[in-house]
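A.B. asks: Please read through the structure below; I'll follow up with questions.
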Amino acid sequence: MTSPSVTATKQQAAAPAVPPAPSTSAHDAGLLLLRVVLGLTMAGHGTQKLFGWFGGGGIDGTGQFFTASGYPAGDAMAVVAGLTETLGGLGLALGLLTPLAGAAVVGTMINAIAVHGAGSFFAPKGIEYELLLTVAAAAVALTGPGRYAADRFLPVLRSHRLAHGALAVALGVVIASALLLVRS
């Protein structure tokens, strides 16, 4: 027969060493700040492409850039990139369909990194800015939007699952790769 102290010790040994961290207000506020700044930054870039706002080239100027960068149908690519950045950015800012919004930004930024080239890491000719946006979007897609997000009202996304984020990021990488394959 075992004594109560031995039984308690065995139960403690079977417990996980580090319990999962509960969602806290600080955690959720940090995710909100990251989502809003990242999302609005991306949405701003998208509106530069679509409407020429904030000193952007609009569809025509951005389309010429895409054509010069080797993409077929530059104007169509400008619309796709502009919509992806604008809608993905707004989705991140609102915490709406967060895994897909993050994937949209990841896919767009992979193409931006490929076009920009990897000549160096640091600005002005490096990829540090694009890489930071890519990784931040992937991190939010994988982590989830936190409690202060529109996803809390969607039954499927109410409780974030790592699988949703991982599948979405993988989708963003696959679509970005497909677009890079059509680039000459």
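A.B. asks: If you take the residues in region 122-143 that are surrounded by 12 or more Cβ atoms within 10 Å (Cβ to Cβ) and part of a loop (DSSP other than H, G, I, E, B), which one is nearest to the chain's Cα centre (by Cα)?
C.D. replies: Ranking the candidates gives Ile127 first.
A.B. asks: Let me ask something else about it. Looking at Gly119, Gly146, Gly172 in this structure, which one is outside any helix (DSSP H, G or I) and either of a type outside the set (Gly, Ala, Ser) or surrounded by 15 or more Cβ atoms within 10 Å (Cβ to Cβ) (or both)?
C.D. replies: Testing whether each residue is outside any helix (DSSP H, G or I) and either of a type outside the set (Gly, Ala, Ser) or surrounded by 15 or more Cβ atoms within 10 Å (Cβ to Cβ) (or both) leaves just Gly146.
A.B. asks: Going by the structure shown, is Ala26 in a helix (DSSP H, G or I), surrounded by fewer than 15 Cβ atoms within 10 Å (Cβ to Cβ) and more than 15 Å from the chain's Cα centre (by Cα)?
C.D. replies: Yes, satisfied.
A.B. asks: Do we find a residue being without any contact (Cβ under 8 Å) to a residue 12 or more places away in the chain and among the polar types (S, T, N, Q) anywhere in region 138-161?
C.D. replies: yes
A.B. asks: Please go through region 32-63 and pick out each residue that is part of a helix (DSSP H, G or I), over 16 Å from Met109 (Cβ atoms) and open to solvent by 20 Å² or more (accessible area, probe 1.4 Å).
C.D. replies: Those that are part of a helix (DSSP H, G or I), over 16 Å from Met109 (Cβ atoms) and open to solvent by 20 Å² or more (accessible area, probe 1.4 Å): Leu32, Leu33, Val36, Leu50, Phe51, Trp53, Phe54, Gly55, Ile59, Asp60, Gly61.
A.B. asks: Take Phe66 and tell me if it is open to solvent by 60 Å² or more (accessible area, probe 1.4 Å), assigned to a helix (DSSP H, G or I) and closer than 25 Å to Gly126 by Cα.
C.D. replies: The answer is no for Phe66.
A.B. asks: Condition check: farther than 18 Å from Ala170 by Cα and open to solvent by less than 70 Å² (accessible area, probe 1.4 Å). Does Gly88 satisfy that?
C.D. replies: When the stated conditions are applied, Gly88 does not pass them.
A.B. asks: Let me ask something additional. Among the numbered criteria (1) open to solvent by less than 40 Å² (accessible area, probe 1.4 Å); (2) touching a Leu at 6+ places or on another chain (Cβ under 8 Å); (3) of a type outside the set (Lys, Arg); (4) assigned to a helix (DSSP H, G or I), which one does Thr108 miss?
C.D. replies: Against the list (1) open to solvent by less than 40 Å² (accessible area, probe 1.4 Å); (2) touching a Leu at 6+ places or on another chain (Cβ under 8 Å); (3) of a type outside the set (Lys, Arg); (4) assigned to a helix (DSSP H, G or I), Thr108 comes up short only on (2).
The values are calculated or read from the model by the stated rules, or taken from the named source; none is laboratory data. Since we're looking at a predicted model, the values are computed, not measured. Counting neighbours? That spans all protein chains shown, and the Cβs are built from the backbone with ideal geometry, glycine included. Please note that ligands, DNA and RNA were not included when accessible areas were found on the heavy atoms of the full protein model with its side chains. Shrake-Rupley method; radii C 1.70, N 1.55, O 1.52, S 1.80 Å.
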